[in-house]
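Down below is the structure, laid out as structure tokens.
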Amino acid sequence: MRRKLVAGNWKMNGSIAANALLLTQINAGFGNAGCDAAVCVPAPYLSQCQALLADSAIALGAQDVSSHDAGAYTGEVSAAMLLEFACRYVIVGHSERRGYFGETDELVAQKALRALHAGLVPIVCVGETLAQREAGQTDAIVSRQIDAVLSLIAENELTKIVVAYEPVWAIGTGKTATPEMAQQVHAVLRQRLHARSATAAQEVRILYGGSMKPENARELLAMPDIDGGLIGGAALKAADFLAIIHAA
Ligand code: PEP
């Protein structure tokens, strides 16, 4: 049985005052939730959020990591740096990074590998655009994206990753994949994992992301291959994020 994970992706939002209020409220409402939870915050706030989460069951994460170890890479943040702030998770290959910053499957795979080798859990995002869905390419696109990552990772390390299926057309748009649509793609991703390792297929958590909110979380999370959520907009409102956590 895979324990569910609900991870918030704050994107480029927050301030010192807003973060303090949000995490204080989330900590207070977390109670004895039966799932794992994390917040992936902008890099400048890692230290503040590390302190705010010091006695919390909620884990800290980042939104990106360099594919390099160290050196002359202006603006980059290394996996070792994230670990110094007690990060457990790092998102790699979010569609906004692929779309706006030209990240390729190969770069995303390198980032996932670098994170893994440093001891972080990469949350590897995959997902199709609306045009790709309408052209019937969804399964091929997500398979290509996940295979690029899986092919770089040693079999005995595959169980250490998290995958997130995030249809690009559902991110921040209010449009959500139906539970059945999401489940179908999660099953494809599970098959890709199985092609590399039966154990990984059994153990790796596949999150759904794309306008998940309190109103649709329970139905999505009830599907057999949906093992949690990657939450954007709703992670910025304590009540909504907590409602999703308690639905998981
Ligand atoms: C995301 O960006 O990872 C995401 C799922 O965003 P939203 O929940 O706002 O659609």
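The values are calculated or read from the model by the stated rules, or taken from the named source; none is laboratory data. Just so we're clear, the structure is a prediction, and the values are computed from it rather than from any experiment. Ideal geometry is used to build each Cβ from the backbone, glycine not excepted, and the neighbour counts take in all protein chains shown. Accessible surface is based on the protein model in full, side chains and every heavy atom, while ligands, DNA and RNA are left aside. Shrake-Rupley method; radii C 1.70, N 1.55, O 1.52, S 1.80 Å.
Only residues that are in contact with a Ser or Thr (Cβ under 8 Å, 6 or more places away or on another chain), at pLDDT below 95 and not basic (K, R) were counted across region 170-209, and they come to 6. Taken together, the residues in region 1-39 that are at pLDDT 95 or above, in a loop (DSSP other than H, G, I, E, B) and open to solvent by less than 80 Å² (accessible area, probe 1.4 Å) amount to 8. Return the residue satisfying two criteria in turn: it lies in region 146-165 and is under 26 Å from A217 (Cβ atoms) and open to solvent by 10 Å² or more (accessible area, probe 1.4 Å), and of such residues it is farthest from the ligand (Cβ to nearest atom). Among those that are under 26 Å from A217 (Cβ atoms) and open to solvent by 10 Å² or more (accessible area, probe 1.4 Å), it is T159. Residues that are within 23 Å of V124 (Cβ to Cβ), within 15 Å of the chain's Cα centre (by Cα) and near the ligand (Cβ under 10 Å from one of its atoms): does region 216-230 have at least one? Scanning region 216-230 turns up at least one residue that is within 23 Å of V124 (Cβ to Cβ), within 15 Å of the chain's Cα centre (by Cα) and near the ligand (Cβ under 10 Å from one of its atoms).
Condition check ((1) among the charged types (D, E, K, R); (2) open to solvent by less than 40 Å² (accessible area, probe 1.4 Å)) across all residues:
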residue: G172; (1), (2): no, no
residue: A177; (1), (2): no, yes
residue: Q183; (1), (2): no, yes
residue: E203; (1), (2): yes, no
residue: E215; (1), (2): yes, no
residue: L236; (1), (2): no, no
residue: F241; (1), (2): no, yes
residue: A248; (1), (2): no, yes
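Assess whether G61 counts as being of a type outside the set (A, V, I, L, M) and either surrounded by fewer than 16 Cβ atoms within 10 Å (Cβ to Cβ) or without any contact (Cβ under 8 Å) to a residue 60 or more places away in the chain (or both). So G61 fails the test. Taken as a whole, region 18-30 holds no residue that is over 14 Å from A238 (Cα atoms) and touching a Lys or Arg at 6+ places or on another chain (Cβ under 9 Å).
Does A80 satisfy being outside any loop (DSSP other than H, G, I, E, B), out of contact with any Phe, Trp or Tyr (no Cβ under 7 Å at 6 or more places or on another chain) and more than 21 Å from A148 (Cβ to Cβ)? Talk me through it step by step, then tell me what you get.
Numbers: outside any loop (DSSP other than H, G, I, E, B): yes; out of contact with any Phe, Trp or Tyr (no Cβ under 7 Å at 6 or more places or on another chain): yes; more than 21 Å from A148 (Cβ to Cβ): yes.
Spelling it out, A80 is indeed outside any loop (DSSP other than H, G, I, E, B), out of contact with any Phe, Trp or Tyr (no Cβ under 7 Å at 6 or more places or on another chain) and more than 21 Å from A148 (Cβ to Cβ).
For V168, the criteria (1) over 17 Å from the mean Cα position of the chain (by Cα); (2) hydrophobic (A, V, I, L, M, F, W, C); (3) open to solvent by 20 Å² or more (accessible area, probe 1.4 Å) hold in every case but one, which is (1).
Is it fair to say I244 is within 16 Å of the ligand (Cβ to nearest atom) and not in a helix (DSSP H, G or I)? Spelling it out, it is not the case that I244 is within 16 Å of the ligand (Cβ to nearest atom) and not in a helix (DSSP H, G or I). Could you list, in sequence order, all residues of region 85-110 that are more than 16 Å from the ligand (Cβ to nearest atom) and outside any strand (DSSP E or B)? If the condition is that a residue be more than 16 Å from the ligand (Cβ to nearest atom) and outside any strand (DSSP E or B), then F85, A86, G102, T104, D105, E106, L107, A109, Q110 are the ones that fit.
For I58, the requirement of being closer than 29 Å to M223 by Cα, among the β-branched types (V, I, T) and modelled with pLDDT of 95 or more is met. Look through region 182-215, keep the residues that are in a loop (DSSP other than H, G, I, E, B) and in contact (Cβ under 8 Å) with a residue 40 or more places away in the chain, and return whichever of them is farthest from the ligand (Cβ to nearest atom). Top of the filtered list is S197.
Scanning region 44-57 for residues that are farther than 12 Å from I16 by Cβ and open to solvent by 50 Å² or more (accessible area, probe 1.4 Å) turns up Q50, A54, D55, A57. Scanning region 71-84 for residues that are surrounded by fewer than 23 Cβ atoms within 10 Å (Cβ to Cβ) and either within 16 Å of the ligand (Cβ to nearest atom) or small (G, A, S) (or both) turns up G71, A72, G75, S78, A80.
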